[in-house]
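What follows is a single structure, written as structure tokens, with notes after it.
Taken together, the values in this text are just the output of simple stated rules run on the coordinates, not laboratory data. Being a predicted model, the structure only gives us computed values, none of them experimental. With ideal geometry, Cβ positions are generated from the backbone for all residues, glycine too; neighbour counts draw on all protein chains shown.
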Amino acid sequence: MKIHVAIATLILLIQNALCVDNRAAMATKCVNTLGITFYTAAQLQTIFSCADPQLYATPTNTTAMISVAKDCIINNSGSKALAALSLYTNINSCLSPDDILTLAEEWATPLTKLTKTLTNKCIKKIKTCKAAGTGQEACLQKFYALAKAGITKAYVNKICTKFVKQNLSKAQYACGVKYAPQIMDITGYKCATLTIS
Ligand SMILES: *[C@@H]1O[C@H](CO)[C@@H](O)[C@H](O)[C@H]1NC(C)=O
Ligand SMILES: *[C@@H]1O[C@H](CO)[C@@H](O)[C@H](O)[C@H]1NC(C)=O
Ligand SMILES: *[C@@H]1O[C@H](CO)[C@@H](O)[C@H](O)[C@H]1NC(C)=O
């Protein structure tokens with residue numbers, strides 16, 4: 001048994017020494033574990049990299065982060081433009097007379113609140129790393145290591161369930177469950193099988 005622990009520790013040490021790319025690992029986890037299907041891991045990695053300089057520059061400015069993240073998604077979704085437009089049209093007709101982008105702006109506040117603990121932990125990592133004089137890429141690697149550890153399927157399910165129960169109407173939830181499979185594989189998420197009254 002002890003030998004296994006020793007080998008596991010050794011592997012971890014080697015991984016750290018070889019600078020395993022946590023950004024790439026996070027992107028792979030989004031696809032392989034969390035079920036994202038709309039983007040490939042490579043596309044997600046590009047989107048993450050695009051937002052990284054802003055994350056390092058202003059980790060605590062949520063407004064700036066959301067704005068840049070939005071631009072990064074738009075700028076790197078060329079091949080998905082048609083699929084995204086069709087999804088947008090369909091989900092709006094389901095939500096009518098509401099618009100998904102308007103709703104998303106309203107939902108940003110409760111979602112930010114629900115994810116605050118993990119977000120703060122990750123942001124603090126960047127802040128202390130910067131304060132110690134460490135460079136952008138090294139700090140971002142630490143950030144992605146923490147984010148990857150925290151964002152498990154169980155975590156996503158927990159946040160999703162709380163959000164649905166407190167912030168979604170029955171009709172909005174039905175539209176969500178109908179169209180979510182165009183973005184991700186929702187099997188295994190209890191959040192997709194709730195009964196909302
Ligand atoms: C946050 O970023 C926004 C957009 O870039 C900017 O207008 C605002 O002044 C920033 N806020 C702070 C507190 O730096
Ligand atoms: C997105 O693309 C526009 C136009 O090419 C560019 O001006 C902008 O800086 C890009 N934004 C990001 C965050 O990469
Ligand atoms: C979400 O739910 C919380 C808690 O009930 C509430 O304070 C908030 O106003 C809701 N926000 C939206 C956009 O529905």
Original post:
If you plug each phi of the range 27-44 into the Karplus form 6.51 cos²θ - 1.76 cosθ + 1.60 with θ = phi - 60°, what whole-Hz ³J(HN,Hα) values come out, in order, with x for Gly and Pro?
Top reply: 4, 5, 5, 4, 7, 6, 9, 7, x, 4, 10, 5, 10, 7, 4, 5, 5, 4
Subject >> Calculated from backbone phi, Karplus (6.51, -1.76, 1.60) coupling profile of the range 117-122 in Hz, x at Gly/Pro >> reply: 4, 5, 4, 4, 4, 5
**OP:** Using 0.36 nm per residue of separation minus the Cα-Cα distance, give me the extension gain between ASP71 and TYR88 in nm, one decimal.
**Re:** 4.4 nm
Original post:
What is the distance, in nm, between label points placed 7 Å from the Cα along the Cα-to-Cβ direction at ASP98 and at ALA132?
Top reply: 4.3
**OP:** Would you list which aspartates and glutamates come within 19 Å of LYS80, measuring only between C-alpha atoms, while excluding same-chain residues fewer than 8 positions from it?
**Re:** ASP71, ASP185
Original post:
Is there a pair in LYS29/LYS127; LYS127/LYS165; LYS29/LYS124; LYS70/LYS190 whose C-alpha atoms are over 30 Å apart, and which pairs would that be?
Top reply: LYS127/LYS165
Original post:
Do you know the relative contact order of the chain, to the nearest whole percent, from alpha carbon pairs under 8 angstrom that are 6+ apart?
Top reply: 28
Original post:
Any idea how far apart TYR179 and THR109 come out in nm if each label point goes 7 Å out from Cα toward Cβ?
Top reply: 2.3
Original post:
Which value at 222 nm does the chain reach when only helices count, each DSSP H run of 4 or more adding -39,500 (n - 2.57), with the total divided by all residues and rounded to the nearest 500 deg cm²/dmol?
Top reply: -23500 deg cm²/dmol
